[in-house]
Ligand code: NAD
Ligand code: MG
């Protein structure tokens, strides 16, 4: 099992990663000074609950904790105010106090929602992330927690770091292939923005999604988390380098919103967004990444590599201008200077529109 310490400006916390990591939970809770009888409140979703809730609950009950659970529907729509409020109600009814601990057992949706519930319950109580998706290597570290508003994704939230991240890779065996692919896009992103050697390792070791098992999968998570954690250590509240994590996300978010959430997975949209970011980088920096054959590489994992015919460039541009990361309506994209080296660049509308058109026509 891999053990790490995640450090941010405000907090240090352990991360346990590997097959069977969940079994370390009672020991971890003792280390967090949670005596037997402490109330633990597990938030999970209705796809994960039938698979793992009983096991986790039984293990915690055997360690003499007072365990409660609340199950939300699975899917992005569950990151809603209604579910947030329902979780608060359930936590109050169960009599959770300020010494209680919440546990987010699930993917990024559960992690973001449960983290925000914990951030605000009685002005903030402790919580533990137990990620069950590959994508959650990204969401479980860094302390950004949020729910969606009908007017925008992740619009209501907080920075609230967990007490620990317990990543049991055995839980990922039931993950549908499309979700594995979605999470893998963020692994690729982490390599491209920060770590050329990891990028080369990915090219050599992960030929298809079927390679994402065992040690290879664990290494992808470990490296992805290391990179994410190093960025967050430098810039917890996103005043600088944390924006680099947005590589592929400017167009990615626009696509998700324009096509309707769920049409493309987040990772599929981000993969297309990364290809567009490379396309723009080549034009802006006057260099070529052709030798890397990114589109071919992505297609090998089953990512879409060209824009869906139904989307219009000017509508995408409008969405990109509405991004949380845009300033005063000017699109800011993360561009690739070299593999492992990115920067944020402001781009003029007319140039972007032309490039979007060209990219769509490829
Ligand atoms: P998700 O939580 O919806 O999980 C994807 C699907 O897989 C769901 O249907 C879920 O029920 C199912 N599932 C989860 N674990 C499973 C398992 N082990 N076996 C079988 N099925 C399983 O989505 P996600 O992709 O994990 O996360 C996406 C969310 O993460 C988005 O809301 C996004 O905004 C958020 N996010 C947050 C951050 C952050 O820094 N806070 C970073 C990236 C993404
Ligand atoms: Mg993302």
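The values are calculated or read from the model by the stated rules, or taken from the named source; none is laboratory data. As the structure is a computational prediction, the values presented were derived from the model and not from experiment. Neighbour counts run over all protein chains shown; Cβ positions are idealised from the backbone, glycine included.
Considering only segment 68-93, state which residues are under 13 Å from residue 106 (Cα atoms) and in a helix (DSSP H, G or I).
Step one: list which residues in segment 68-93 are under 13 Å from residue 106 (Cα atoms), which gives 69-76, 78-79.
Of everything in segment 68-93, those that are under 13 Å from residue 106 (Cα atoms) and in a helix (DSSP H, G or I) turn out to be 76, 78.
Out of 115, 108, 95, 75, report the one residue that is surrounded by 19 or more Cβ atoms within 10 Å (Cβ to Cβ) and farther than 21 Å from residue 24 by Cα.
Numbers: 115 fails: farther than 21 Å from residue 24 by Cα; 95 fails: surrounded by 19 or more Cβ atoms within 10 Å (Cβ to Cβ); 75 fails: surrounded by 19 or more Cβ atoms within 10 Å (Cβ to Cβ).
Result of the check over 115, 108, 95, 75: 108.
Can you tell me which of 75, 111, 20, 106 is closer than 23 Å to residue 183 by Cα and at pLDDT below 95? Steps first, please.
Numbers: 111 fails: at pLDDT below 95; 20 fails: at pLDDT below 95; 106 fails: at pLDDT below 95.
None of the other options fit; the residue is 75.
What is the residue count in segment 33-51 for residues that are touching a residue at least 12 places away in the same chain (Cβ under 8 Å) and within 16 Å of ligand 1 (Cβ to nearest atom)? Don't jump to the end; show me each part of the working.
First pass over segment 33-51, keeping only residues touching a residue at least 12 places away in the same chain (Cβ under 8 Å): 34, 36-49, 51.
Subsequent filtering for residues that are within 16 Å of ligand 1 (Cβ to nearest atom) retains 42-49, 51.
Total satisfying the criteria: 9.
Tell me, which helices (runs of 4 or more DSSP H) lie completely within segment 127-240 with 1 or more residues that are within 27 Å of residue 42 (Cβ to Cβ) and either within 16 Å of ligand 2 (Cβ to nearest atom) or at pLDDT below 95 (or both)? Outline the logic, then answer.
Working: elements: 136-139, 177-194, 196-205, 214-234.
The qualifying helices (runs of 4 or more DSSP H) are 136-139, 177-194, 214-234.
Which numbered condition in (1) under 25 Å from residue 113 (Cα atoms); (2) surrounded by fewer than 21 Cβ atoms within 10 Å (Cβ to Cβ) is the only one that residue 136 fails?
(2)
Is it the case, given these coordinates, that residue 96 is without any contact (Cβ under 8 Å) to a residue 60 or more places away in the chain and either closer than 22 Å to residue 134 by Cβ or assigned to a helix (DSSP H, G or I) (or both)?
Judged against the criteria, residue 96 is not a match.
Tell me, which residue of segment 267-318 that is farther than 18 Å from residue 208 by Cβ and within 21 Å of the chain's Cα centre (by Cα) is surrounded by the most Cβ atoms within 10 Å (Cβ to Cβ)?
The selected residue is 270.
For every residue, the table says whether it meets (1) within 29 Å of residue 202 (Cα to Cα); (2) assigned to a loop (DSSP other than H, G, I, E, B); (3) within 16 Å of ligand 2 (Cβ to nearest atom).
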residue: 261; (1), (2), (3): yes, yes, yes
residue: 268; (1), (2), (3): yes, no, yes
residue: 272; (1), (2), (3): yes, no, yes
residue: 288; (1), (2), (3): yes, yes, no
residue: 307; (1), (2), (3): yes, yes, no
residue: 337; (1), (2), (3): yes, no, no
